[in-house]
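*Asks:* Would you mind keeping the following structure in view while I ask a few things?
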Amino acid sequence: MDRIRTALELYKDVKRASATAEDSIRTTTQAIPSEITYTKTRSTSVSRAILREHRVMAAHTKGPFVDAYKILRTQVTRRLRENGWNVVGITSPGYGEGKTLTAVNLAVSLAMETTQTVLLVDSDLQDPTVHQVFGVKDCLGLADYLLDDQPVEDLLLHPGIGRFVLLPGGRAISNSTEILTSPKMVALVEELKHRYPSRVVIFDLPPLLHTADVLAFSPYTDALLLVVEEGKTTGEELQRALALVKNSRPVLGTVLNKAGRSSLTLPEMKAMLAM
């Protein structure tokens, strides 16, 4: 734990020396309807029991778990609006550190605001699992669009949560790095980024230290968010991960998952989110 905190402090010192955060948030100017009717996007109703089982904050009305993600949402929203960004990649140094849970809950939390819509893209193409969080069995997704020309509008899924839409990963593929940097994928990112000015696009990416996918794909994002796990991620792994991306894209912050061997808690989220 101390090694993780030390690594974070070192990284924050470097960030403070190179940039100063602004003191105000620019407000969005484009109004979003209070309710959106999805006509082309496939909609499904996910039970609260499934959402609770997979720790999705939409199934909870209050508590430290919900408050922690609202704080994360506020901090991320601030940085995005300060810089005019709307595309975020979420990754972790290694496997099983909570990046997908963080990606899902951040996307859901953002989609609960009335000023924006959110698209979560499962781009962990070697192990696409985001759809499982919503109780959806094997389905077509990003890989099928990139490899088999499946229309994107046929792949999108609205799980009945706010202004939130999911693009599943589809089938697992081995040559994910090449596919994620293909001209077709680059064109898709540009389309997703610019089609709706009030939309935030979040990419759930693979672990940073185990594949080349994040380094290859990160130039097409505006910024990255790094998820680490207490008691699992070492200070060395965190430093290696930060060193890999320091010249690629800005790191919005670092989220500490499973703080105190429990669910994310408000004090730990506030302490460890290094914005």
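Throughout, read-outs are computed from the coordinates displayed, never taken from laboratory work. This structure is a prediction, so every number in the text was calculated from the model and none was measured. All Cβ positions, even for glycine, are placed from backbone atoms using ideal geometry, and neighbour counts span all protein chains on display.
*Asks:* List the residues, sorted by chain then number, that are 5 or more residues from R199 or on another chain and whose placed amide H is less than 5 Å from its amide H.
*Replies:* For R199, the qualifying residues are T117.
*Asks:* Looking at the stretch 196-263 from every direction and averaging, what is the projected area of its Cα convex hull in nm²?
*Replies:* On the way: hull surface 22.2 nm².
Hull-based average projected area comes out at 5.5 nm².
*Asks:* Please report the equivalent ellipsoid semi-axes of the stretch 116-210, computed as sqrt(5 x eigenvalue) of the Cα gyration tensor, largest first, in whole Å.
*Replies:* Working: eigenvalues 73, 54, 34 Å².
Semi-axes (√(5λ), whole Å): 19, 16, 13.
*Asks:* Residue by residue through the stretch 212-229, what is 3J(HN,Hα) from phi via Karplus (6.51 cos²θ - 1.76 cosθ + 1.60, θ = phi - 60°)? Round to whole Hz and write x for glycine and proline.
*Replies:* In residue order, the calculated couplings are 8, 4, 5, 4, 6, 8, 4, x, 8, 9, 8, 6, 10, 10, 10, 10, 10, 10 Hz.
*Asks:* Step through the residues of the stretch 176-181 one at a time and calculate ³J(HN,Hα) from phi using the Karplus curve (6.51 cos²θ - 1.76 cosθ + 1.60, θ = phi - 60°), rounding each to whole Hz and writing x for Gly and Pro.
*Replies:* 5, 4, 5, 5, 5, 10
*Asks:* Which FRET efficiency value, to the nearest 0.05, is calculated for N83 and R42 with the Förster distance at 45 angstrom and r the Cβ-Cβ distance? Provide the component values of the computation, followed by the final result.
*Replies:* Details: r = 33 Å, r/R0 = 0.73.
After rounding to 0.05, the efficiency reads 0.85.
*Asks:* Let me ask another. Under 5 Å between amide hydrogens, which residues at least 5 positions from G253 or on another chain qualify, with H placed 1.01 Å from N in the peptide plane?
*Replies:* Residues meeting the amide H criterion: L226.
*Asks:* Given R₀ = 45 Å, FRET efficiency for L244-A187 by Cβ-Cβ distance, to 0.05? Please list the in-between numbers first.
*Replies:* Working: r = 26 Å, r/R0 = 0.58.
With a Förster radius of 45 Å, E is 0.95.
*Asks:* 7 Å from Cα along Cα→Cβ at both Q132 and K70: what's the point-to-point distance in nm?
*Replies:* About 3.1 nm, to one decimal.
*Asks:* Would you calculate the volume per residue, in Å³, of the smallest convex hull containing every Cα atom of the stretch 66-131? List each step's numbers first, then the result.
*Replies:* Details: hull volume 6.9 nm³, N = 66.
That works out to 104 Å³ per residue.
*Asks:* Then there's this: Going by average Cβ neighbours within 10 Å, how do the peptides 199-208, 149-158 rank, with the highest at the top?
*Replies:* Working: 199-208: 24.3, 149-158: 15.2.
My ranking of the peptides, most packed first, is 199-208, 149-158.
*Asks:* With the Cα gyration tensor of the stretch 35-162 giving a ≥ b ≥ c as the square roots of its eigenvalues, does the rule (a/c under 1.5 for rounded; else a/b larger than b/c for prolate; else oblate) give rounded, prolate or oblate? Numbers along the way, then the final one.
*Replies:* Working: a/c = 1.32, a/b = 1.27, b/c = 1.04.
Because its axes are fairly even, with a/c under 1.5, the stretch 35-162 counts as rounded.
*Asks:* Ranked highest first by average number of other Cβ atoms within 10 Å, how do 63-69, 50-56 line up? Write out the running numbers ahead of the final one.
*Replies:* Details: 63-69: 18.7, 50-56: 16.9.
In descending order of packing, they fall as 63-69, 50-56.
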